[in-house]
1. Given 340, 354, which one is of a type in the set (A, V, I, L, M, F, W, C), more than 28 Å from residue 119 (Cα to Cα) and either surrounded by 18 or more Cβ atoms within 10 Å (Cβ to Cβ) or under 18 Å from the mean Cα position of the chain (by Cα) (or both)?
2. Looking at segment 359-376, which of its residues are crowded, with 20+ Cβ neighbours inside 10 Å and either within 16 Å of residue 330 (Cα to Cα) or at pLDDT 95 or above (or both)?
3. Within segment 273-286, track down each residue that is buried (at least 21 other Cβ atoms within 10 Å of the Cβ) and of a type in the set (Val, Ile, Thr).
4. Taking into account only those residues within segment 166-191 that are over 22 Å from residue 342 (Cβ atoms) and not polar (S, T, N, Q), which is farthest from the chain's Cα centre (by Cα)?
5. Select from segment 353-387 the residues that are in contact with an Asp or Glu (Cβ under 6 Å, 6 or more places away or on another chain) and within 18 Å of residue 149 (Cβ to Cβ) and list them in ascending order.
6. Which one of these is open to solvent by 50 Å² or more (accessible area, probe 1.4 Å), touching an Asp or Glu at 6+ places or on another chain (Cβ under 7 Å) and modelled with pLDDT under 95: 407, 417?
7. In segment 118-142, which residues are among the acidic types (Asp, Glu) and either within 13 Å of residue 391 (Cα to Cα) or surrounded by 14 or more Cβ atoms within 10 Å (Cβ to Cβ) (or both)?
8. For segment 410-425, name all the residues that are small (Gly, Ala, Ser) and touching a strand residue (DSSP E or B) at 6+ places or on another chain (Cβ under 7 Å).
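The values are calculated or read from the model by the stated rules, or taken from the named source; none is laboratory data. Note that the structure is a prediction, hence the values are computed from the model and not measured. Note that we place each Cβ from the backbone using ideal geometry, even for glycine, and neighbour counts take in every protein chain shown. Note: areas computed on protein heavy atoms with side chains; ligands, DNA, RNA excluded. Shrake-Rupley method; radii C 1.70, N 1.55, O 1.52, S 1.80 Å.
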Amino acid sequence: VVKPRSLQAASIPGLLGMFQNEWDALMLSNFSLEQQLHTARQELSHALYQHDAACRVIARLKKERDEARMFLAQAERQIPLSATATTNDNSIVSNGKRGPEDELGPDGKKIRPGITSAIITELTECNAMLSGHRKKRQVPHTLAPIEALERYTQVSSHPLHRTNKPGILSLDIHPSKDLIATGGIDTNAVLFDRSSGQILCTLTGHSKSVKFVPSDDLLVTGSSDKTIRVWQGTEDGNYSCAHVLKDHTADVQAVTVHATNKYFVTASLDNTWCFYDIASGTCLTQVGEPSGQEGYTSAAFHPDGLILGTGTSEALVRIWDVKSQSNVAKFDGHMGSVTAMSFSENGYFLATAALDGVKLWDLRKLKNFRSFAPYESNTPTNAVEFDYSGSYLAIAGSDIRLYQVGTVKVEWNLIKTLPDLSGTGKVTCLKFGADANYTAVGSMDRNLRIFSFTEAEKNEPTSLDDRS
């Protein structure tokens, strides 16, 4: 039923009154909406101002935190490590779980201080100095000539590790002292004085990789227990543990020390590498993806210190820019895990070893220019090493082979083949001694073997003109 019109709508004055009331109500509603919009705009502007101020405060606090960490790291580096050794027990308990490193980011990963601009400046200055010296440096006249390497033979053999767990996995030679450090399957690291033929001390608990830090009488060891230890030499000739570092989640496969002797890098099967400050034992940065399947099996610093090489279990060689921690090159072509790598002191060549032998890479053109396949297909090459002068290259697998270093176009001649006298058929590691006067070799038995020429041959005068 249609409702009848109201009395107001029955006349023109009534209609005008209705329209006037409706117009007043509409204007009042519009005015209320404008007031609400103005209030909302004021609240939004205030919220944006608060957010901007909070961001500025957070940025300032982060900057102050980073500066404080940098000053703390510098202060710790200036504290003598002997003072740290006096609190050895506390360091062992707490190290690797330091306060700043226990902070977790939004992704659940530990927050690292990072490689600061001051450290980058230090690395760059070291690189410039070493590069300049390298261009001027001549081959030392004390370097053993090729004729001497041709007369190499075993001059001594030293049982260093346990008989129930034989096998030497790694070794390193102190550049200024006649000391050799070995790491064995028996989870011990042994320091051996070659001149006296005596064992100086045995460091228990670590075996996978050993590396001297010559400037501060330190030794860095990595192990299959996922930790790294920094050992400080004492006045009585022993070594005490200064730091235990627990940043990796899998076996630590390699340790390499930077040319400044202030930093070192560890590579692990957890698919990461860590950059450490030696004095404080702080992990400055951890690069890689811990959840990845491609673990690192070897690592080495370039002689100038701004490039890091790593080898993976998937036959890939990666070259990293240390300053930016970015992967700048990849070398593929190997088969099996990359077991060892060595940069030549000339700064241009990189040698890598794997199941299929040794490959030589030209870092200027980023390509493989020569390969050696000295052993059978099922026999891996376990070690490859340039001597300090960059004149000789040693390869180890089922035997030891010494090569004269050539160029990209000039052939690399085989100088000498040394048998594996351990009877295991597996040489695991080797290092050239000073001026290539001897070579230290570790195998899958407990003996450290020294190959050299006799004392009478050392004293024979050799003309530089007779060298190739």
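1. Working: 340 fails: more than 28 Å from residue 119 (Cα to Cα).
Just one listed residue meets the conditions, 354.
2. 359, 360, 361
3. If the condition is that a residue be buried (at least 21 other Cβ atoms within 10 Å of the Cβ) and of a type in the set (Val, Ile, Thr), then 278, 282 are the ones that fit.
4. 166
5. Listed by number, the list is empty, since nothing qualifies.
6. It is 417.
7. Once the filter is applied, which keeps residues that are among the acidic types (Asp, Glu) and either within 13 Å of residue 391 (Cα to Cα) or surrounded by 14 or more Cβ atoms within 10 Å (Cβ to Cβ) (or both), segment 118-142 yields only 122.
8. Residue satisfying the conditions is 422 alone.
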